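In what follows, a structure is listed as structure tokens, so that the remarks can point back to it.
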Amino acid sequence: APKAIIAPSILSADFADLGAECSRTIAQGADWLHVDIMDAHFVPNLTFGPPVVAKIRPHVDRPTESFAKGTFDCHMMIAEPKKWVKEFKAAGCDLYCFHYEAAIDSTAAESPEAPRTEQKTSPRELIRYIHEQGMLAGIAIKPATKAEVLFEVLDSGDVKERPDMVLVMTVEPGFGGQKFMASELPKVQALRARYPDLNIEVDGGLGPGTIDQAADAGANVIVAGSAVFGAKDPAGVISLLREAVDK
Ligand code: DX5
Ligand code: ZN
């Protein structure tokens, strides 16, 4: 499996001091920052948009190489992922990770009044578009979605249409601090068995108590919000997570 990438989720940071929280977390040993974008349609919660991302970007050196330290890993929990690609690129996003469920159905929103304006986007087309805009592309699945739906894009013969990372949610997206769902790990195992070099991210409920199961299943990109920002020793937690994956 590829080596560990630790991506603290700034959803659990102090929003009043976000720039300093971001630079401090990178100094504490984090590889990436995981930036949770929620639109109150795809998930029942609302966070922040491009202006906030643009304001925190100068607090962390922008990586000049793909996957390098300082990558802004934007987890797009939004109903219309295609619509925001250019704005997030301009704001400083390096990896644009959209939800499979939102790409195949823009009405896959929580609210019945959700906008039904946009046409279905195929995941392949969206990945191509994200690549054309100069970002890495990720594709995320919620607990109700099977891992097999990702095979089609991962098996694409065209590298422009293939994701650079997949994200297997280990909680229902929407909130930090929820309980880890070990029931999602067979998806990680199946993906790792089929794609030995794939970057597989897990998100939700990860911390010292759950990292071993996730690492054993084959995850290598580890998101942790409350476990890092709520810790007395965030640097210690980051290195513990890394060692569990790289052991
Ligand atoms: C949940 C978000 C997560 C969240 C994780 O919808 O996608 O990234 O911040 O928080 P913890 O690590 O506290 O479960
Ligand atoms: Zn997330």
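The values are calculated or read from the model by the stated rules, or taken from the named source; none is laboratory data. Computed from a predicted model, the values in this text were never measured in an experiment. Here Cβ is always computed from backbone atoms with ideal geometry, including for glycine, and neighbour counts include all displayed protein chains. SASA here: full protein model, heavy atoms, side chains in, ligands and nucleic acids out. Shrake-Rupley method; radii C 1.70, N 1.55, O 1.52, S 1.80 Å.
Data overview
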read-out: Residue list for the stretch 11-31, restricted to those being in a helix (DSSP H, G or I), touching a strand residue (DSSP E or B) at 6+ places or on another chain (Cβ under 7 Å) and under 18 Å from Pro208 (Cα atoms); value: Thr25
read-out: The listed residue being over 20 Å from Met135 (Cβ atoms) and either open to solvent by less than 60 Å² (accessible area, probe 1.4 Å) or more than 11 Å from ligand 2 (Cβ to nearest atom) (or both), out of Leu167, Leu198, Leu185; value: Leu185
read-out: Any hit, the stretch 212-221, residues being at pLDDT 95 or above, surrounded by fewer than 19 Cβ atoms within 10 Å (Cβ to Cβ) and touching a strand residue (DSSP E or B) at 6+ places or on another chain (Cβ under 9 Å); value: no
read-out: Residue within the stretch 29-49 that is under 19 Å from Ile238 (Cβ atoms), touching a residue at least 40 places away in the same chain (Cβ under 8 Å) and open to solvent by 80 Å² or more (accessible area, probe 1.4 Å) present; value: no
read-out: Condition met for Phe72 (open to solvent by less than 20 Å² (accessible area, probe 1.4 Å) and aromatic (Phe, Trp, Tyr)); value: yes
read-out: Pairs with Cβ under 7 Å, 6+ apart, first in the stretch 168-179 and modelled with pLDDT of 95 or more and among the hydroxyl-bearing types (Ser, Thr, Tyr), second more than 7 Å from ligand 1 (Cβ to nearest atom) and in a strand (DSSP E or B); value: Thr170/Val202
read-out: Condition met for Ala190 (within 19 Å of Leu167 (Cβ to Cβ), surrounded by fewer than 24 Cβ atoms within 10 Å (Cβ to Cβ) and either away from ligand 1 (no atom under 15 Å from the Cβ) or within 17 Å of the chain's Cα centre (by Cα) (or both)); value: yes
read-out: Flag if Pro186 is touching a helix residue (DSSP H, G or I) at 6+ places or on another chain (Cβ under 8 Å), on the phi < 0 side of the Ramachandran plot, assigned to a loop (DSSP other than H, G, I, E, B) and modelled with pLDDT of 95 or more; value: no
read-out: Where Asp155 falls short, out of the listed (1) surrounded by fewer than 21 Cβ atoms within 10 Å (Cβ to Cβ); (2) within 16 Å of ligand 1 (Cβ to nearest atom); value: (2)
